[in-house]
Structures are given as C-alpha cells and as structure tokens.
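Read through the structure below, which is laid out as structure tokens, and then see the notes.
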C-alpha cells in the first residue's frame, strides 16, 4: 500500500505490561470491563503493526481500568511506574513512540503532581484520564481543580471511557466497551458541555475517543434542553465547548459515525486512533482499510494527511480550529 507522505500519528494507542495486569487482577479486574481476557503487548509487536500500516508514531497510554484501584498510595505508585516505563519505551524509540501520562485521580493533588512530573521530567505529551475514577466522574466538581490546573498549563487531555457506576442491572451480559463505554463518554462530555466547563477552559485541549461516542447525534438535544431550562447563553456555551474538543476515529468510523461527527465539528480537529492493543491487529487493519477506501477524500481531503496535520498541531500546542 502506498502511504501518505505525512507521518500518520496514532493518538489512541495502548500498552500493558505483565506487572500492570497483575496489579489490576489483584484488584479484581480478571475480566476487564467484561472482556474475556487481557491483551498482550510488546514494543516490537506494536512497531510491526505500525510499519504494516504506515503509522509513523503512536502516543501510548494506559486504557481502562486505569490506575486507581481504591488506594491512594498504591495509585500514586502505579502511576509513577507506568509513566516511567512509557518514558523508557519512548526514549528507546524516540521517533516512534510518545506517551500520555496516567494520574491517580480522584486524588487531585497527587494527580496534579504526577502530571507535572511526567510532562516536565519524563517528556509526556499529555495526560490520560478515565471518565470516572473510583466512581468519581470527570465532571464531578471535586475533579475541577485538576482540570483547571491542566487548563492553566494548556495541556492535552485524553479522555478514555471506563465502566460506569451502576452498570450491573443494565446489561450484565454485554462487555461494557460495546455500549456502556459510549454511554459513559457521552454522559461525562454532556455534563462538561452543558455546565459550561468545556467552554470555560480555553487552554485545555481535550481528545474525545471513538468519534465522540453518541455526542454528535445528541448535540441538538443538549441545545434543546439548555433552552428549556432558560439558561442564558446555554446553547452558546455548548457550541463553544464543542469547538474546543478534538476527536479520534477509533472504532467503526465509517460509513456513518465519522460523517455525522464531521457534520457537527468539521475536519480540523479529527485525529487517527487505532485503539491497539485492545483492538487486535486484524480489526486495526479492517478499520484502516475502511478509511482508505471509504473516506470522502474529495470533500474532506485525504484522511491520512488530514489527521497527521491535525495531530502535529495538537501536540505542538496549536489552537483548535
């Protein structure tokens, strides 16, 4: 396959290690988020996948269930360990890997400290958080000081879904990434948009995965309820917040999801995401093939060049467009 001259950047790429999996299993995550098993990952296997598909660089992160397993001290230690490891991988392959730092939310002070350490000392290009940590939502006022500090630092924030609180009676037979991850992402982002928090934080650059989950089809409904509540400027705050979000194409972007997202936000904040290693190589290949063959390049521009240019602007601190 002839690949783009622009280096393709994967902003939604995960890693695991045996000791991280051991810590998660010790906390009860034997079947993480209802999935049958944990994936395996090595830098070498990841590089082979990247080379096969023209991915020049991947930004590594820890996925759900994150690093908070109920104990503050253990979460701080695990955050430091995964970030030190990711920094070592990036240092060993400086042209291929970068990373988003994990932080021990909901411990706000410790999360700020680890975000600063990872960004300033280890070279992290941003921070990864789950939509809730220990049952505390990212939209909870208790987490606001952490987000405010990232906003002040003009940081990149990658928001990854995790199992929501109270999932058991809803669909216990389904793996949570199938439906609950979308509901959880949409719920948290809707709260941040409607409450004006997304609009207020002008420096924070937030990546929303999976084409924004259900957000693209619910934007009009958010505006409607803002008007029903007679909230002055409510619809405008939603639009301002939406204009500050970036979106990756992980999952099943075509034929429907990406087009709906583009109709809402345009193409200037779209990014490529593979969701490897939680998405196996076969499905990564299927997603890329769908984008290569089904993307409307005539109206949107070549997807590889587009997402690579957007990623370069994002990671270099460029403004959302």
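The values are calculated or read from the model by the stated rules, or taken from the named source; none is laboratory data. From a predicted model like this one, the values you see are computed outputs, not experimental measurements. Counting neighbours? That spans all protein chains shown, and the Cβs are built from the backbone with ideal geometry, glycine included.
Counting the residues of segment 191-207 that are crowded, with 18+ Cβ neighbours inside 10 Å and in a helix (DSSP H, G or I) gives 6. Annotation for segment 208-221: no member residue is more than 19 Å from residue 262 (Cβ to Cβ), crowded, with 20+ Cβ neighbours inside 10 Å and touching a residue at least 24 places away in the same chain (Cβ under 8 Å).
Confirm whether residue 27 is at pLDDT 95 or above and either crowded, with 19+ Cβ neighbours inside 10 Å or at positive phi (or both). So residue 27 fails the test. Only a single item in (1) part of a helix (DSSP H, G or I); (2) closer than 14 Å to residue 215 by Cα is not met by residue 291, and it is number (2). Say we look at segment 32-55 and pick out the residues that are assigned to a helix (DSSP H, G or I) and in contact with a strand residue (DSSP E or B) (Cβ under 8 Å, 6 or more places away or on another chain); which of these is surrounded by the most Cβ atoms within 10 Å (Cβ to Cβ)? My answer is 46.
Checked against (1) assigned to a helix (DSSP H, G or I); (2) more than 19 Å from residue 139 (Cβ to Cβ); (3) in contact with a helix residue (DSSP H, G or I) (Cβ under 6 Å, 6 or more places away or on another chain), residue 222 passes all but condition (2). Within segment 104-120, restricting attention to residues that are part of a loop (DSSP other than H, G, I, E, B) and without any contact (Cβ under 8 Å) to a residue 40 or more places away in the chain, the residue that is farthest from the chain's Cα centre (by Cα) is 107.
Taken over segment 152-179, the residue count meeting the criterion of being outside any loop (DSSP other than H, G, I, E, B), within 17 Å of residue 275 (Cα to Cα) and free of Cβ contacts under 8 Å to residues at least 60 places away in the same chain is 2. Name the residues in segment 224-243 that are surrounded by fewer than 21 Cβ atoms within 10 Å (Cβ to Cβ) and within 22 Å of the chain's Cα centre (by Cα), would you? Answer for segment 224-243, where residues must be surrounded by fewer than 21 Cβ atoms within 10 Å (Cβ to Cβ) and within 22 Å of the chain's Cα centre (by Cα): 239, 240, 243. Does segment 72-94 contain any residue that is outside any helix (DSSP H, G or I) and either modelled with pLDDT under 95 or closer than 24 Å to residue 286 by Cα (or both)? No; the residues of segment 72-94 include none that is outside any helix (DSSP H, G or I) and either modelled with pLDDT under 95 or closer than 24 Å to residue 286 by Cα (or both). Residue-level check: of (1) more than 13 Å from the chain's Cα centre (by Cα); (2) within 21 Å of residue 60 (Cα to Cα); (3) crowded, with 19+ Cβ neighbours inside 10 Å, residue 164 misses just (2).
For segment 260-270, indicate whether the set of residues that are under 22 Å from residue 100 (Cβ atoms), in a loop (DSSP other than H, G, I, E, B) and in contact with a strand residue (DSSP E or B) (Cβ under 6 Å, 6 or more places away or on another chain) is non-empty. Yes, segment 260-270 has at least one match. One residue stands out in segment 56-76 among those that are more than 12 Å from residue 20 (Cβ to Cβ) and over 18 Å from the mean Cα position of the chain (by Cα): the one that is surrounded by the most Cβ atoms within 10 Å (Cβ to Cβ), namely 75. Could you say whether any residue in segment 5-21 is modelled with pLDDT under 95, crowded, with 17+ Cβ neighbours inside 10 Å and either at positive phi or within 19 Å of the chain's Cα centre (by Cα) (or both)? Within segment 5-21, one or more residues are modelled with pLDDT under 95, crowded, with 17+ Cβ neighbours inside 10 Å and either at positive phi or within 19 Å of the chain's Cα centre (by Cα) (or both).
The single condition among (1) in a helix (DSSP H, G or I); (2) within 20 Å of residue 127 (Cα to Cα); (3) touching a helix residue (DSSP H, G or I) at 6+ places or on another chain (Cβ under 8 Å) that residue 188 does not satisfy is (3).
Please enumerate the residues belonging to segment 225-254 that are closer than 28 Å to residue 155 by Cα and in a helix (DSSP H, G or I). Residues satisfying the conditions are 234, 235, 236, 237, 238, 239, 240, 241, 242, 253.
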